[in-house]
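Each remark here refers to the structure printed beneath this line.
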Amino acid sequence: MARWVKNDHLGFVIPYRKRNIQARYFPDFIVVLDNGLQIIVEVKGQYDDAADAKAKAAQRWVQAVNRLGEHGQWAYVVVADPQKLGSPLGDFQGRDRSFLRLLGESMDHDDALAGCGHIDCAAYAIAP
């Protein structure tokens, strides 16, 4: 892992709909790996319907951003125990980036971009 930051007052938000009402999801952490992959990390002790809606929104956001190709490569992971985060991050670190392109293939481009919002690179700048 190259660096990480808690998503606190960064302005990094993923818009989604909760019961057909516009909502905003603030993921817990952003991690940047040595290979440049940026990972949105959510720590969830209890996974319920609200967590599932946020996870689906984050996955759509990741697909859209990766397909756009202007903000690096992204992934999303949910962990129940933050002390066990090393395993999923290690899996991402060793993989070739080409697998990320597969994430967007199952979704139409317009559907993936719908409701994903705008990325402001300065909003999630992470110092090494």
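For 12, 26, what's the fewest-to-most ordering of other Cβ within 10 Å of each Cβ?
Fewest-to-most Cβ neighbours within 10 Å comes out as 26, 12.
Relative contact order for the range 1-84: what percent, with Cα pairs under 8 Å and sequence separation of 6 or more?
Here the relative contact order equals 28 percent.
Please list 14-21, 51-58 highest first by mean number of surrounding beta-carbon atoms within 10 Å per residue.
51-58, 14-21
Please report the base-10 log of the normalised intensity I(q)/I(0) for the range 1-50, using a Debye sum with one equal scatterer per alpha carbon and no solvent, at each q in 0.21 (1/Å).
Cα-only, vacuum Debye calculation for the range 1-50: -0.85.
Just so you know, all these numbers are worked out from the coordinates, no wet-lab data involved. Everything numeric here is computed off the predicted structure, so don't read it as measured data. So basically every Cβ, Gly included, is an ideal-geometry build from the backbone, and we count neighbours across all protein chains shown.
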